[in-house]
Every structure is written in C-alpha cells, then in structure tokens.
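Engineer: Can you keep this structure in mind? I'll have questions shortly.
The values are calculated or read from the model by the stated rules, or taken from the named source; none is laboratory data. Worth saying up front: this structure is predicted, and the values here are computed from it rather than measured. In this analysis, Cβ positions are derived from the backbone assuming ideal geometry, glycine residues included, and neighbour counts consider all displayed protein chains. Just the protein is used for accessible areas: all its heavy atoms, side chains included, with ligands, DNA and RNA removed. Shrake-Rupley method; radii C 1.70, N 1.55, O 1.52, S 1.80 Å.
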Amino acid sequence: MLAKVQSGALFGIDAYQVEVEVDIAQGLPQFATVGLPEGAVKESKDRVKSAIKNSGYEFPTRRITINLAPADIRKEGAAFDLPMAIGLLAASGLISGERAARFLLMGELSLDGGIKPVRGVLPVAAAARHWDLDGLIVPAANAEEGALVDGLPVYPAATLGSVVDFLTGNRALPPCRVDIATLIGRTTQDEVDFAEVRGQGHVKRALEVAAAGGHNLLMVGPPGSGKTMLARRISTILPAQTFEEALEITKVHSILGLLPAGQALVAGRVFRSPHHTISDAGLIGGGTHPRPGEVSLAHNGVLFLDELPEFKKNILEMLRQPLEDGQVCISRAAQSLTYPASFMLVAAMNPCPCGYQGDPQHSCTCTPAMVQRYRSRLSGPLLDRIDLQVEVPRISHSDLSDPRPAEASDVVRLRVERARHIQRERFARLRIHCNARMGPRQLQAFCRTDAAGQELLQQVTERLGLSARSYTRLLKVARTIADLEGVGAIAANHLAEAIQYRSLDRRSV
C-alpha cells in the first residue's frame with residue numbers, strides 16, 4: 001500500500017517542499033530510504049520503528065521503501081522522523097492517507113514516541129504559505145516559531161500518539177497563536193550602557209554617527225583605552241528592529257538551531273564577537289554542507305572583530321563581498337546558496353604590535369618595519385570599506401574619577417532613531433534602509449554639497465589620495481552627520497567632521 005505525506009527541507013535560508021512517499025509491499029522485512037538521505041536521515045528507520053512500537057502501534061514487518069522527493073537534492077537532519085512514521089501508519093491503514101497528506105509534518109522522534117524540536121521550522125513555515133496545505137504539525141517547542149508566519153495554522157504536537165489521534169479525528173490540537181507586538185517588545189534589558197564609559201567623547205560621537213547611518217567603524221588605540229567596552233555598547237544605541245528585520249535574522253538562527261528555549265523571535269539587535277582564530281567557514285559560512293557563518297548571524301546587527309590584524313589575512317579579504325553586497329554567495333559543485341549578511345562591522349586594533357605607539361605613558365618598542373608589517377595585514381581595499389577610522393587614546397585620571405554621569409544609551413538612541421527616520425522617509429521607495437547602503441544614484445541625488453564643500457573635498461582628495469570608494473564613503477558619513485542635525489543640505493562643517501574620521505588616511509600622509 002502507498003501513502004504520501006508532506007514535509008519541508010532547507011535550501012539556504014529558504015525552504016522547499018518534500019514529499020515523503022511510503023510504500024509497504026510483500027517480501028522479506030526491509031526498510032530502505034532513498035532520495036539522497038544523509039546519515040541522520042538513514043538512521044531514522046531505527047527511531048521510527050521504536051517510536052511506533054512504544055506508542056502502542058504495530059510496525060509492519062514487510063518490505064518498506066521510503067522516497068524523499070525531489071530525489072536529486074540531499075536531505076539532512078532528523079526532521080523527517082515524524083512524516084516517515086505518519087506515512088507508515090497511513091500506508092498500514094491506521095490513518096486516512098488523504099487527511100495525512102493535507103498537513104506538513106516536521107519533528108524528530110525519541111524512542112518512546114515523544115517529538116523533539118528541530119531546526120528550520122520558521123523558513124519552512126514561511127514557504128508553506130504558498131503550498132496547498134491545511135496546516136503544519138510541528139514539535140511543541142517549535143510551535144511559536146512557526147506561528148510567527150500568518151497564513152496557515154500551526155499545531156503543536158508533543159507525542160506521536162497525539163498526532164495520530166488528531167489525524168484520525170479522536171483528538172483536537174489547538175493551533176498555536178502568538179502576539180507579534182509582545183514578541184517584538186520582549187527585548188532583554190541591556191546589561192551595558194554608554195553611561196558607564198568615562199571620557200572618550202569624540203569616540204562616542206563617532207559611534208553615534210556610525211549607528212545613525214549603519215556605517216562600518218574601526219577603532220585604533222593602545223590596550224586598556226576602552227575599545228572593546230565601547231564596541232559592546234554600540235548595539236544599545238541602534239534603533240529597534242522592525243518585524244521584517246527580526247524575521248530575517250530569526251530565520252538564520254532557526255536554521256542553525258540557535259534559538260533559545262522559549263524565544264521564538266530574535267527581537268533585539270544581535271552582537272557577534274568571534275575570536276580571531278575562527279576559520280573562513282566559521283566567519284563567512286560554508287563547509288561540506290554549507291551553513292551560515294558569523295557574518296550572517298550578525299545580519300541587521302553588529303559584527304565586532306577585536307584585534308583585527310590578528311585575523312588571518314585571507315579571512316579578512318573574504319569580508320569584502322558581504323561588506324559591499326550585504327549578502328554571502330557560497331558555491332559548491334552541486335549547489336549555490338545565498339545567505340543575508342547586511343551587518344555593521346565594528347573593529348578594533350592596536351596602533352602597533354606592542355600597542356603603545358603614540359602613548360605618552362609607555363614607550364613603544366616596535367621598529368618602523370614591524371609597524372609597517374603589522375598594518376599591512378589590513379589591505380587597502382578592506383580599509384576603503386570601513387567608513388570611520390577613529391583613534392582611541394588612553395583615558396586620563398581626571399576622566400576616570402569624574403563623578404558627573406555620562407550620557408546614557410537611551411538618550412543617544414533617540415538621536416539615532418530620529419536620523420534613521422529621516423533616512424527611511426528618504427529611501428521609502430528603495431530597497432535600502434540607511435545611508436551606508438546608498439548607491440551611485442542615491443549619492444548623486446542626496447549627497448550634493450555647496451561650493452565650499454566641493455573645494456574642501458578636492459583639497460582632501462588630492463592631499464590624502466583617497467580612492468573613489470573612500471570618497472563616496474566620506475560623502476555618506478557627511479550625509480549622516482547632516483541627518484543627525486536634521487538639515488537637508490551637506491555643509492562644509494559636516495564634511496570636515498567626516499574627514500576627521502579617516503585617521504589612518506591622515507596618518508599615511
């Protein structure tokens with residue numbers, strides 16, 4: 001007897017429909033799974049067999065063949081356990097095959113018949129809206145995640161028996177419902193605040209400009225000057241995510257199984273800080289079976305790279321494409337995948353190998369050749385893609401002992417949100433959301449300067465030898481500074497401040 005059950009699988013951050021075909025025929029007992037299954041899918045037969053028996057149902061002792069269609073795409077993961085078990089019971093006549101085929105099923109089975117959570121429910125639920133189905137049956141732990149998407153009811157299931165009773169009409173499974181507004185507002189309280197940072201007023205201003213325009217930032221300073229402390233607080237001044245942005249980053253976390261228990265939506269801006277020993281696949285994504293990397297996990301948030309020159313040079317060069325395009329394309333012989341990677345890069349480095357060049361409290365022990373070799377780890381094309389380069393000096397004792405409270409993150413965030421609101425209105429008809437993502441057409445339309453500004457730009461370009469990319473990024477930063485002031489035209493003072501944020505270019509003169 002033949003039965004067909006619907007399921008879903010992942011392809012990048014999207015999903016495609018998988019038809020689980022189960023055939024029970026006469027012959028010696030055998031359980032064969034075809035359709036390019038990888039290891040965990042092949043092992044499903046043992047979990048399915050034990051789950052069916054321990055749930056009180058009879059496992060057919062005949063020749064069983066299960067096909068996962070389309071058969072030319074590799075299937076991985078344990079999410080096919082539940083549809084396989086339901087397909088077997090439908091082929092045995094216990095469940096109506098027509099009713100079982102109207103639902104999409106996902107779930108890993110334990111040996112006692114319990115249903116464990118799986119990865120990727122949100123992308124599958126988003127894609128299933130366009131398929132001809134009556135609903136989704138998913139593990140109870142994944143129900144809120146799947147219910148984020150409107151269009152199809154999502155039924156939480158805890159055991160194989162409860163799914164069988166639901167499909168036979170002997171039991172009702174209430175669909176899961178979530179309040180989107182509550183989930184968006186359920187951001188965790190920030191454990192850090194800008195008010196905790198003493199001094200460094202000009203660096204805080206640079207971080208505010210970077211947050212307001214979504215610009216990349218590099219901080220250069222001696223050890224202990226507060227670079228890491230400042231970087232960890234930049235997410236506290238970023239504007240709140242929209243539901244669409246939260247849904248995008250939640251998809252990435254769902255694919256990797258990184259959603260914490262009880263948290264269906266990544267509501268706050270993410271902050272990722274990988275160690276400098278990370279591999280290229282860990283940072284950019286990829287592997288034998290491609291998966292998202294840190295740049296995708298930081299989508300719509302902050303990627304912080306501390307001790308930037310300590311990262312392998314080839315890994316840093318791989319950042320150039322996502323910094324420019326906002327996405328990562330991973331190509332393999334059998335497939336090509338695209339992951340989102342529109343992040344804000346915040347990096348920190350010492351001015352030299354020993355870290356004390358220019359520090360009045362310590363003497364530098366590095367030779368000019370050592371300093372040159374250290375800085376050469378960062379290529380010109382990579383530095384061109386970093387909009388703001390700021391020097392972070394050592395904090396003085398007077399700043400550390402100053403009892404006056406510093407400006408809090410909430411106050412800075414209000415200014416950032418006002419600037420972002422101006423940008424959203426400016427780009428309302430475009431597929432960009434901040435100044436850092438402007439293209440040549442937008443630069444021509446929104447970044448015009450007066451005669452004084454043009455003269456200043458000409459002098460700076462000739463003196464610093466700016467590349468075309470550095471020149472355009474200078475204009476983008478000036479546009480953001482003007483937005484923070486709430487003015488429409490870019491003036492010479494806005495350009496002058498933007499020029500101050502190119503410290504490495506100035507130092508090379």
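Engineer: For a quick check of understanding: with a 1.4 angstrom probe and all protein chains in place, what accessible area in square angstrom does residue 184 have, to the nearest ten?
Structural biologist: 50
Engineer: Compute the distance in nm between two label points, each set 7 Å from the Cα along the Cα-to-Cβ direction, one at residue 131 and one at residue 324.
Structural biologist: For residue 131 paired with residue 324, the spin-label model returns 3.7 nm.
Engineer: Right, here's the next one. Using a simple spin-label model with points 7 Å from Cα along the Cα→Cβ vector, what separation in nm is obtained for residue 371 and residue 165?
Structural biologist: 7.6
Engineer: So what is the relative contact order for segment 368-509, in percent, with contacts set as C-alpha pairs under 8 Å and at least six apart?
Structural biologist: Over segment 368-509, the number comes to 33 percent.
Engineer: Provide the FRET efficiency to the nearest 0.05 for the residue 46-residue 158 pair, computing r from the beta carbons and using R0 = 22 Å.
Structural biologist: 0.55
Engineer: Would you kindly derive the ³J(HN,Hα) couplings of segment 147-158 from the backbone phi angles with the Karplus curve 6.51 cos²θ - 1.76 cosθ + 1.60 (θ = phi - 60°), listing them in order in whole Hz, with x for Gly and Pro?
Structural biologist: Listing the rounded values in order: 6, 4, 9, 6, x, 9, x, 10, 9, x, 10, 9 Hz.
Engineer: For segment 262-341 and segment 62-140, write down the distance between their C-alpha centroids in whole Å.
Structural biologist: 31
Engineer: Can I ask one more? What's the local net charge at residue 289, with K and R +1, D and E -1, over the other residues with C-beta under 13 Å away?
Structural biologist: Neighbourhood net charge equals +3.
Engineer: Rounded to the nearest whole Å², what accessible area per residue is found for the chain with the 1.4 Å probe?
Structural biologist: Spelled out: the 1.4 Å probe surface of the chain, per residue, equals 44 Å².
Engineer: Place the peptides 192-205, 244-257 in order of packing, highest mean first, counting for every residue the other Cβ atoms within 10 Å and averaging per peptide.
Structural biologist: Highest mean packing first, the order is 244-257, 192-205.
Engineer: Over the chain, with every protein chain in place, what whole percent of the accessible area is carbon and sulfur at 1.4 Å, could you tell me?
Structural biologist: 50
Engineer: Additional query: What list of ³J(HN,Hα) couplings, whole Hz, do you get for segment 70-87 from phi and the Karplus terms 6.51, -1.76, 1.60, once you set θ to phi - 60° and write x for glycine and proline?
Structural biologist: x, 7, 9, 10, 5, 10, 9, x, 9, 5, 8, 4, 5, x, 5, 5, 5, x
Engineer: Take peptides 230-243, 390-403 and line them up by average Cβ neighbours within 10 Å, highest first, as a rough protection proxy.
Structural biologist: Put in order of decreasing packing, that is 230-243, 390-403.
Engineer: While we're on this one: So what are the ³J(HN,Hα) numbers for segment 305-318, from phi and the Karplus equation (6.51, -1.76, 1.60; θ = phi - 60°), rounded to whole Hz, Gly and Pro as x?
Structural biologist: For segment 305-318, the Karplus curve yields 10, 7, 6, 3, x, 6, 5, 4, 4, 5, 5, 4, 5, 5 Hz.
Engineer: Which GluC sites (Glu not before Pro) in segment 6-73 sit in a loop by DSSP (not H, G, I, E or B) and have at most 13 other Cβ atoms within 10 Å of their own Cβ?
Structural biologist: 38, 58
Engineer: Work out the FRET efficiency for residue 398 and residue 193 from their Cβ-Cβ distance, taking R0 = 25 Å, and round it to the nearest 0.05.
Structural biologist: Working from the Cβ atoms, E equals 0.70.
Engineer: Can you list residues whose amide H is under 5 Å from residue 159's amide H, if they're 5+ apart or on another chain and H is modeled 1.01 Å from N?
Structural biologist: 115
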